[in-house]
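Structure first, then comments.
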Amino acid sequence: MQSSSLPIIGWIGTGVMGEPMASHLIKNGYTVHVNTRTKGKAQALIEAGAIWEETPKALAGKVDRLFLMLGYPKEVEDLVFNADTGIIWEMKDGSILIDHTTNSPDLAKRIHEEGKKRGIKVLDCPVTGMSISAKSGALSAMIGGDLDTLELVKPQLQCYCKELNILGPAGSGQHAKVANQIMAGINMIAVCEGLIYGHKAGLNLEQLLPIITKGTGSSFLLQHMGPKCLKRDYSPGIYIELFMKDLTIAIEEARRLKLSLPVFGVTAQLFQMVEALGIEGISAHAVICVLEKINGLEIKKYDF
């Protein structure tokens, strides 16, 4: 049974990231109320002990901490601010809203300001590490907001995050996630291009991969996505359409800051080609399929 001293948790959004994150809270003894657009996606959490709520509005008034893990900024904006169903109008005074969605910095600031008016504390708290880190409880969080608020929710965040870094006022977490996604996108293209080159040069990629992962060309994405590329396994670490959403936010923010990011610009174009091919519902590393088409080749499937 849950200790009466523990806060009641609300969780909205139980996709490839949200479901394992929320499950860690249940495993750590928290009472968790859940809602998502499709109840079936929350079934594993319900079976683990989560309490299903029919609407976000019903959920919002019952909890002390409300976590969001949605796909798109427009979803967050509607969920929070809708005049009839918005959660910001239902949350209890003194409760805390933690938005894990990769979102626009301006929307994060707007939510923070409205929360402040209503006596609700807010953190923008995007995470990095993909689904593999969500499942193992080893995500890294980039946080915008007040340090005092972070201290209040730290016990919950530590259930699935190994790193908690507050980077400044509201919106700072989202700016940090934009920087992360710029680097991740470029690195993912680098991994795929290196594999394409090795294949064309006649190398055994199963032999090459562990060599590079021990050298200067190594990265988190190479270690985790490289083997999946060779297995032609495109099950999602992050859905390609959601990664494209992140890159679109990055493009918009770079434009607003009057920045020229030429390598990132080419990277974004390559991912847009994946979108143009109608590829969705699979992982972002499927961008390697675009590079295969450009070069008129196909890396063989390695079984290891």
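The values are calculated or read from the model by the stated rules, or taken from the named source; none is laboratory data. Only a predicted model underlies this, so the values are computations on that prediction, with no experimental measurement involved. When we count neighbours, we look across all protein chains shown, and the Cβ atoms used for this are built from the backbone with ideal geometry, even at glycine.
This table checks each residue for (1) at pLDDT below 95; (2) closer than 21 Å to residue 103 by Cβ; (3) not small (Gly, Ala, Ser).
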site: 249; (1), (2), (3): no, yes, yes
site: 258; (1), (2), (3): no, no, yes
site: 285; (1), (2), (3): yes, no, yes
site: 295; (1), (2), (3): no, no, yes
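Figure legend. Inter-residue proximity from region 95-113: first residues more than 17 Å from residue 157 (Cβ to Cβ) and without any contact (Cβ under 8 Å) to a residue 40 or more places away in the chain, second residues in a helix (DSSP H, G or I) and hydroxyl-bearing (Ser, Thr, Tyr), beta-carbon distance below 8 Å, spacing 6+ or different chains. No pairs are indicated. With respect to the stated conditions, residue 162 is of a type in the set (Lys, Arg) and surrounded by fewer than 21 Cβ atoms within 10 Å (Cβ to Cβ). Only one of the listed residues (161, 229) is in the same structural domain as residue 18 (by TED's automatic domain parsing) and within 21 Å of the chain's Cα centre (by Cα). That residue is 161.
Exactly one residue among 26, 46 is farther than 14 Å from residue 97 by Cβ, in contact (Cβ under 8 Å) with a residue 12 or more places away in the chain, touching a Leu at 6+ places or on another chain (Cβ under 9 Å) and assigned by TED's automatic domain parsing to the domain that holds residue 160, and that residue is 26. Against the conditions (1) surrounded by 16 or more Cβ atoms within 10 Å (Cβ to Cβ); (2) hydrophobic (A, V, I, L, M, F, W, C); (3) farther than 20 Å from residue 87 by Cβ, residue 50 satisfies every one except (3). Please indicate, with yes or no, whether at least one residue in region 193-208 is within 21 Å of residue 144 (Cα to Cα) and surrounded by 15 or more Cβ atoms within 10 Å (Cβ to Cβ). There is no residue in region 193-208 that is within 21 Å of residue 144 (Cα to Cα) and surrounded by 15 or more Cβ atoms within 10 Å (Cβ to Cβ).
Residue-wise test of (1) under 30 Å from residue 106 (Cβ atoms); (2) β-branched (Val, Ile, Thr); (3) in contact (Cβ under 8 Å) with a residue 40 or more places away in the chain.
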| residue | (1), (2), (3) |
| --- | --- |
| 223 | no, no, no |
| 228 | no, no, yes |
| 237 | yes, no, yes |
| 243 | yes, no, yes |
| 265 | yes, no, no |
| 274 | yes, yes, no |
| 281 | yes, no, yes |
| 288 | no, yes, yes |
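Checking 174, 156, 181 one by one, the residue that is crowded, with 20+ Cβ neighbours inside 10 Å and either closer than 14 Å to residue 67 by Cβ or without any contact (Cβ under 8 Å) to a residue 12 or more places away in the chain (or both) is 156 and no other. Within region 1-35, restricting attention to residues that are of a type outside the set (A, V, I, L, M) and modelled with pLDDT under 95, the residue that is surrounded by the most Cβ atoms within 10 Å (Cβ to Cβ) is 15. Quick one: residue 300 ticks every box in (1) under 18 Å from residue 197 (Cβ atoms); (2) in the same structural domain as residue 250 (by TED's automatic domain parsing); (3) not in a helix (DSSP H, G or I) bar one, so which box is it? All conditions are met except number (2). A count restricted to region 221-248 and to residues that are more than 16 Å from residue 17 (Cβ to Cβ) and surrounded by fewer than 16 Cβ atoms within 10 Å (Cβ to Cβ) stands at 4. Looking at residue 253, is it in contact (Cβ under 8 Å) with a residue 40 or more places away in the chain and in contact with a Pro (Cβ under 8 Å, 6 or more places away or on another chain)? Spelling it out, residue 253 is indeed in contact (Cβ under 8 Å) with a residue 40 or more places away in the chain and in contact with a Pro (Cβ under 8 Å, 6 or more places away or on another chain).
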